[in-house]
Amino acid sequence: MVMNKYIILIQNLSMDNNNKYIARHVFALALIAMLFLVQTETFAQTNNIDVTGNITSSEDGMSLPGVSILEKGTSNGVSSDFDGNYNISVAGNATLVFSFIGFETQEIAVSAQTSMHIVLLPSAEALDEIVVTALGIKREEKSLGYSVGKVKAEEFTRVVNENVLKSMSGKVAGVTINSTGGTGSSVSMVIRGATSLSTDNQPLFVVDGVPIESTDRNNGGIGSRNLVDYGNAISDLDPESIESVSILKGPSAAALYGSRAGNGVVLITTKKAKEGEAMSVTISSNTVFDVPFKFFDRSNRFTIGFFSYRPEDVGSNILPDIAYGDGPATGPENDKGYYAVQFDAPLDANGQRIPTELKSYPNNIKNFLNDYAITTINSVSISSAAQAVNYRLGVSNMTHEGLIPNSDLNRNSFSLAASSKLWNKLTVSTNINFNHSFADNRPAGDRGTNPLEAAYLIPSSVDIRSLRDYGTGNNVKRVIAGTENPYFLANEVNNSFSRYRVYGNIVANWEISDSFSIMGRYLLNKSDEVRETKIAPGYSRENNNGTYGISNSTFLETNMEIMGTYKKDWENFSLSSSVGGNILYQAGNSISNSAIRGAGLIVPNLFTVENISSGALQYRNSRSEKAINSIYGLVNLSYKNMLYLDITARNDWSSTLPAENRLFLPFSFFKFLSKRSV
């Protein structure tokens, strides 16, 4: 547009001899102006700025992780982190598009702003969505007085994970998920931040109505400094069997489950045959390769020692012997052509140690680990929805080979979901899951027998691969006295386990009338686990022929529950109310036999309890029982789908409290909620 104006101006000038001089100068000025305007516009378009900010939900003010932030019209984009923060470099006149599942997409002009804090609104479709709430009751999300996070089945199978919680990471606002270690280790899930310093703040998991407590402190280990994470209870769940997950946030949302649901509730619904579905067979196979790409930075410039000798200090490029017990990496410089006697120096004909070149090995950790870890899940399911009975039968197998040599994890899963209408008003259904998780070796974490710690302690001037032939007993190859050989720890400290878990329900639902129904169900959660540790001679903290130990633990929880529900709709009002009772019983038992730390075995490499001397045998046994009788009730009243009133209450009588204090009300809330219908 500017260019056209100048052309018109020039064309309108008289080209007689008197005005030629003026015309030439006007044309030159116009050309300079055009170039300036083009350059200014180009600069404005290409001069990027960094835009930072935080993204929250309008429902509860919680930060939203995993929000997509895209510069409109380009492929330039980022995602918000676990705290809802983002940082993106864009043009000053760009428009940013913010999108997240279940929320309305927003487009906001940057207008040279460097800080933009965004509040996302729930989408109309999300508010009308039916969600599963406490006790399996289905309600419209807009009628709830609390926030519910949702994760669908495809999220668990898009990229396979051995633990279902890892697949939920970054997909639900206000939920923080962290793994305490490598594959198979416990995974922590905290809803809306930690509320206690004395507990692990884990929510209660409810799978098809079966309560499962999944602590992230399932650690054990036999022997000195041999701390092993065997994975928490939720790790036994097969990702292939999950249909959907609802996360009830806050104590009011979990009131119907009592005090152990104070950190929130995660409701997991497994797959069932869909109504009207013909018989079908589904086969799936997923494989994931984990390839390490980032390691801790290490100093590789100097070898170990106190004194950084140079040839001019000693009159030769052969330096004094390297003393591997001397302090940090402040010795002679590597990769300078210097020579010195090192820990694995070869011998000459006279048995004298030969100096070798001081080199750095920056890839020691990479060379110690396997090239990749591989996790494979194969599954097959058969489902059918006939008139007489609906069923789904699934079988799944998971295998994992870890990054640390000689580490593994395996899981076999079997699931059955079936239902049948005995007559028009009575439906009987069952969900049964059986899992077997096991491993030949779970590597230790923390200090001591942790192979990765030992690998990082190897000096940078030592090629870690020279330690592969590690030896045994007093002949274990060590760089520094008192330290460990990582290959020995990986192969000769074996922490195996085998855990069987069965959980499920039997449910009967009687629809007495269109308004009134009664549901009764029996819930079971049972596990049996055996852990065994074998440490061969050669570990410095168990230097008396190694050590051995074995433990066995069992856990049982049953719930018997009955609930009556009444629903009625009038012209402007809707009422839903339920009253029920629950009888909970828990029993646990554990037995362990092991050698006292440092006492060792009578005969090396014979791993039995009988090979532990009577004075060195350590025996432990514990038993526990607990019962809770409960009654609960809830009332949901709505007016024109705009005003909602919820009342929930529960009373528990616990066997673990004194008689005069057995009656208590763990949660109760009365909330008046106003929302416009959408």
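Could you tell me which of rounded, prolate or oblate describes region 342-440, using a ≥ b ≥ c as the square roots of the eigenvalues of the alpha-carbon gyration tensor, with rounded for a/c under 1.5 and, failing that, prolate when a/b is larger than b/c and oblate otherwise? Note, shape of region 342-440 comes out prolate.
Computed from phi, the 3J(HN,Hα) profile of region 271-281 under the Karplus parametrisation 6.51, -1.76, 1.60 (θ = phi - 60°) reads 6, 9, 5, 7, 4, x, 7, 6, 4, 9, 10 Hz, with x in place of Gly and Pro. Projecting the Cα positions of 230, 176, 164 onto the charge dipole of region 151-273 (unit charges on Cβ atoms of Lys, Arg, Asp and Glu, taken about the Cα centre) puts 176 furthest along the positive direction. Sorted on the mean count of surrounding Cβ atoms within 10 Å across their residues, most packed first, peptides 434-441, 371-378, 467-474, 449-456 read 449-456, 434-441, 371-378, 467-474.
If we count every other residue with Cβ under 9 angstrom of residue 345's Cβ, Lys/Arg +1 and Asp/Glu -1, where does the sum land?
Working: positive: 353; negative: 321, 344.
For residues surrounding residue 345, the net value is -1.
What's the local net charge at residue 414, with K and R +1, D and E -1, over the other residues with C-beta under 14 Å away? Write down the numbers at each step before the final one.
Details: positive: 271, 392, 411, 501; negative: 236, 238, 240.
Cβ neighbours under 14 Å give a net charge of +1.
With viscosity set to 0.692 mPa s at 37 °C, what whole-number translational diffusion coefficient in µm²/s follows for the chain from Stokes-Einstein and a Kirkwood radius over Cα pairs? Here the translational diffusion coefficient equals 107 µm²/s.
Roughly speaking, to the nearest percent, how much of the chain's 1.4 Å accessible area is carbon and sulfur?
After summing per-atom areas, the C and S share lands at 55 percent.
For the peptides 168-175, 156-163, what is the packing order when you average, over each peptide's residues, the other Cβ atoms within 10 Å and list the highest mean first? Present the calculation step by step, with values, prior to reporting the outcome.
Details: 168-175: 22.2, 156-163: 18.1.
The densest-packed peptide leads the list: 168-175, 156-163.
Net charge within 11 Å of residue 185 by Cβ-Cβ distance, Lys/Arg positive one each and Asp/Glu negative one each, not counting residue 185 itself? Result for the neighbourhood of residue 185: -1.
Quick one: Cα convex hull volume of region 166-308, Å³ per residue?
Working: hull volume 31.7 nm³, N = 143.
Per-residue hull volume (Cα only) is 221 Å³.
Our coupling estimate for region 374-386, obtained by passing each phi through the Karplus curve with A = 6.51, B = -1.76, C = 1.60 and θ = phi - 60°, is 10, 10, 10, 10, 10, 9, 9, 9, 10, 9, 7, 10, 8 Hz, Gly and Pro reported as x. Mean silhouette area of region 234-381, derived from the convex hull of its C-alpha atoms and averaged over all directions, reads 18.5 nm².
Please work out the average accessible area per residue across region 386-541, using the 1.4 Å probe convention, and give it in Å².
Working: 6800 Å² over 156 residues.
Spelled out: the 1.4 Å probe surface of region 386-541, per residue, equals 44 Å².
In the chain, helices alone account for a calculated mean residue ellipticity at 222 nm of -3000 deg cm²/dmol, with every DSSP H run of four or more residues adding -39,500 (n - 2.57). Per residue, region 236-320 exposes an accessible area of 53 Å² to a 1.4 Å probe, with every protein chain left in place.
Heavy-atom accessible surface of region 183-234, averaged per residue, reaches 33 Å², computed with a 1.4 Å probe. Each part gets one Cα centre, and for region 529-570 versus region 352-368 those centres are 43 Å apart. Once C-alpha pairs closer than 8 Å and six or more residues apart are averaged by separation and normalised to the residue number of the chain, the relative contact order reads 9 percent.
Among 569, 290, what's the order by accessible area (1.4 angstrom probe), most exposed first? Intermediate values should be presented prior to the final figure.
Values: 569 115, 290 60 Å².
Result of the area sort, largest leading: 569, 290.
The values are calculated or read from the model by the stated rules, or taken from the named source; none is laboratory data. This structure is a prediction, so every number in the text was calculated from the model and none was measured. Positions of Cβ are backbone-derived with ideal geometry, glycine not excepted, and every protein chain shown enters the neighbour counts. Surface areas here come from the heavy atoms of the whole protein model, side chains and all, with no ligands, DNA or RNA. Shrake-Rupley method; radii C 1.70, N 1.55, O 1.52, S 1.80 Å.
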